[in-house]
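What follows is calculated from the coordinates using simple rules that are stated; it is not laboratory data. Worth saying up front: this structure is predicted, and the values here are computed from it rather than measured. Note: ideal-geometry Cβ built from the backbone for every residue, glycine included; neighbour counts use all protein chains shown.
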Amino acid sequence: MISLGLTYSEFCKRHDLNDSPKSDARRRYLALLAGQTELPVGELHPVIRHLREGELTKFIQRAPDGLETESVIIPMWRKDSRWTTLCVSSQVGCAMGCTFCETAQLGKLRNLSAAEIVGQLVAARREFDTKIDNVVFMGMGEPFDNFDEVIQTVRVLTDPLGLSMGMSRITISTVGRVEGIRKLASLGWRRINLAVSLNAPNDEIRSQIMPINRVEPMSMLRAALLDYPLRTCQFFMIEYVLIPGVNDAPDHARQVADYLRGIKCCVNVIPYNPRHESPWPAPDEHAVQRFLGQLQEAGQFSKKRETKGRSHMAACGQLGNRTMSRKRPDVIPLGVTKPAPY
Ligand code: SF4
């Protein structure tokens, strides 16, 4: 059985092949990552469903243990350029318990292996005949709670004898796990992008909607970001899910700008995409533009993230099939989940 999740030299070592760049093994390796092999591939789980909204495609793969991964193919364009981003999951479910997030409703079911994460890209290329330009770890799960497998995935994607994807085309998005941010910094990968979910102007509100903040408050997060060795032209993406009546007051925008002062970043304002049984509605466009304007007035570089896929539960914070956790009574339900410190 061939395994995904290996760099070219690891693949050759595992299968006792000549690892020279010109050997026939390289052709086989590239065919494997393109999903063009007839050989049985472990962890390339079948796509059992897909949903389309406009040009966006969400697809679901089912693993042999019955659990499902969700990934989203997002075509993007600006002026004359077009590119395609794949949003991958790093876990099935998530233990972080963010109250606005559909994935949190599942609890954490399990980590995905590097092979299963790479398998999402292979499935996108094979089943949907899509060239993937960028990969973002913004699907189900907290990537830094599955650090080793996520890092191995990045190694596979960027292997010069494999897909050779530029590190700058990969974004890891974290809830703000401080130890994970510091471990990533220690790898010296200067081109990889880091997105951090802030979502609140102060500790009081952040602790209410993101339990991680009770363990790692905003001051710890700020210190980790200030210590992170950004390149001159690089900046963090700070995600801010705008939830009506929770974090959208004018004073909140000012507090966010104050908190981020001195941190090179762009705030991505993401209109809240309601999860199932959500206590909050989505914000209207006027509220989003008002908050953006307030951030910009306070001197904070900010943009709005366009909403895509909301009607198919494919937008930010909407991934996850709750019936999976009903099949798993051992899963800790939302609200009881306490993020474990490292
Ligand atoms: S927002 Fe991210 S970290 Fe929070 S529960 Fe959802 S998937 Fe997990």
Can you list the HN-Hα couplings for the stretch 99-115, worked out from phi with the Karplus curve (6.51, -1.76, 1.60; θ = phi - 60°), rounded to whole Hz and with x for Gly and Pro? 6, 8, 10, 5, 4, 4, 5, 7, x, 8, 8, 5, 6, 9, 7, 4, 4
Net +/- balance of residues flanking Ile181 in space, Cβ distance below 13 Å, scoring K and R +1, D and E -1: -1
Would you kindly compute the Cα radius of gyration of the stretch 38-113 and its largest Cα-Cα separation (Dmax), both in Å? 14.8, 44
Cβ-placed point charges (K, R +1; D, E -1), dipole of the stretch 2-326 about Cα centre in debye, nearest 20: 640 debye
Got a sec? How would Arg191, Arg290 order by Cβ neighbour count within 10 Å, fewest to most? Arg191, Arg290
Compute the distance in nm between two label points, each set 7 Å from the Cα along the Cα-to-Cβ direction, one at Arg182 and one at Ala223. 0.8 nm
If the stretch 1-86 were replaced by its equivalent ellipsoid, with semi-axes equal to the square roots of 5 times the Cα gyration tensor eigenvalues, what would those be, largest first, whole Å? 30, 20, 9
Under a 5 Å amide H to amide H cut-off, with H placed in plane at 1.01 Å, what residues pair with Ser302 once short-range neighbours are removed? Val267
Table column - 3J(HN,Hα) (Hz), the stretch 138-148, Karplus curve with 6.51, -1.76, 1.60, x for Gly and Pro: 10, x, 5, x, 9, x, 6, 8, 9, 4, 4
When the scattering of the stretch 217-283 is computed by the Debye formula from its Cα atoms alone, each counted once and equally, what is log10 I(q)/I(0) at q = 0.19, 0.27, 0.29 Å⁻¹? -0.84, -1.21, -1.30
Going residue by residue through the stretch 204-209, the Karplus relation 6.51 cos²θ - 1.76 cosθ + 1.60 with θ = phi - 60° gives ³J(HN,Hα) values, rounded to whole Hz and with x marking Gly or Pro, of 4, 6, 5, 5, 6, 9
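Under the Kirkwood approximation applied to all pairs of distinct alpha-carbon atoms, what is the hydrodynamic radius of the stretch 165-214 in Å?
Taking every pair of different Cα atoms in the stretch 165-214, averaging 1/r and inverting gives 12.1 Å.
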Taking N as the number of residues in the stretch 2-326, what is its Cα Rg relative to 2.2 N^0.38 Å? 1.00
For Glu142, the residues 5 or more places away or on another chain with a placed amide H closer than 5 Å to its own amide H are Ala95
Using Cα positions and a limit of under 19 Å, work out the aspartates and glutamates in reach of Lys22, with same-chain residues fewer than 8 apart set aside. Glu10, Asp159
Gap in Å between the Cα centre of the stretch 98-129 and the Cα centre of the stretch 174-239? 22 Å
Per DSSP H run of n ≥ 4, the term is -39500 (n - 2.57); total these for the chain, divide by its residue number, and report the mean residue ellipticity at 222 nm rounded to 500 deg cm²/dmol. -8500 deg cm²/dmol
Longest site-free stretch - the chain; sites: GluC sites (Glu not before Pro), DSSP loop, at most 14 other Cβ within 10 Å: 56-276
Taking a straight Cα-to-Cα line shorter than 18 Å from Lys303, and setting aside same-chain aspartates and glutamates fewer than 8 residues away, one finds Glu239, Asp248, Asp258, Asp284, Glu285
